[in-house]
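Novice: Got a structure here, written out as structure tokens. Questions coming.
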């Protein structure tokens, strides 16, 4: 029952955000809207709902979680963006782009360092969210957070198949 309330809060918040901005203008014929912004919003909503469901949060606690996750995303976003830039370099090199070959070693080292930084941020978020929770809820939170990367990949794959 609490899950339904959390889901309604999330949907209402998404609706309010949509209404405040008036919604994006329709894309010109033949053009697609900016997918990364849409995908990021969906990913953030998915993260919030998964954690709220795992912790069986009520509506007020879900709103507090949303604020905490927004702060987390603000710190995580620049690191994630840089990680994606390094991934682009590696993909170009993997496809045979000779201009990217000279950047491969540096891109690998940078990507590994950024991945470690993202993992530390995830651990910090878990530590913050699990503080004071009973063992059962800590375990639920750990499992929910462990499943999130796979759920994000699945969501990205679905996006690619449209």
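Novice: Rg (Å, one decimal) plus Dmax (Å, integer) for the alpha carbons of region 45-161?
Specialist: 17.3, 54
Novice: Quick one: Cα convex hull volume of region 74-135, Å³ per residue?
Specialist: 80
Novice: Still on this structure, I have one more. If packing is taken as the mean number of other Cβ atoms within 10 Å per residue, what is the order of 113-119, 51-57, highest first?
Specialist: Packing order, densest peptide first, comes out as 51-57, 113-119.
Novice: With no solvent and one point per C-alpha, what does the Debye sum give as log10 I(q)/I(0) for region 110-162 at q = 0.31 Å⁻¹?
Specialist: For region 110-162 at q = 0.31 Å⁻¹, log10 I(q)/I(0) is -1.09.
Each value in this text was obtained by applying a stated rule to the coordinates, not by laboratory testing. Quick caveat: nothing in here was measured; it's all calculated off a predicted structure. Note: ideal-geometry Cβ built from the backbone for every residue, glycine included; neighbour counts use all protein chains shown.
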